[in-house]
Amino acid sequence: MAGLAAIAICPIAAVSQSAAIQHGAAANREYAAVFAHSDDPCSADYATASYLQCMSKELSFVETHLDAFVEDLRGVAGAPEELAGLNKTDAAWRAYRESICMLPLKRFAGTVKGPMSEECQLSLDRAYMKQLSNIYIFCRSFQSESAHI
């Protein structure tokens, strides 16, 4: 998480450096909020109402921060092609997440299917944030190396 605010260091002509820095800092806050929480925040007793309540609350929390994180990355994206690529990736990822996380609802019976679906969503949301973060941190690292050549 330490270098996430650096995503704003990737200078792109279409975005002012100041706006990119602000969006990068905001993305960093969204990322930090999510990863300050455990990746397994609720009890392991799937059959309890308290587990379902906890997972629903945690999933809502992560999704809110994920949506804001992606929006902030849009503010860091400079070239129209980059923004279009981010938007296309985001739409495809969300369709994939919805599709794969519905499988437990179709495969299993009983009280386990709902928690499995929510755990799938939570896990994928966190993984997606890490992937996007790595891409934008890589941009910073790549540009730093290019400056020294």
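Details
- Any hit, segment 97-113, residues being under 14 Å from the mean Cα position of the chain (by Cα), free of Cβ contacts under 8 Å to residues at least 40 places away in the same chain and over 30 Å from residue 19 (Cα atoms): yes
- Residue 27 assigned to a helix (DSSP H, G or I) and surrounded by fewer than 18 Cβ atoms within 10 Å (Cβ to Cβ): no
- Filter pass, residue 49 being without any contact (Cβ under 8 Å) to a residue 40 or more places away in the chain and under 15 Å from residue 131 (Cα atoms): no
Only the coordinates and a few stated rules stand behind these numbers; no lab work does. Computed from a predicted model, the values in this text were never measured in an experiment. Cβ sites come from the backbone with ideal geometry, for glycine too, and all protein chains shown count toward neighbours.
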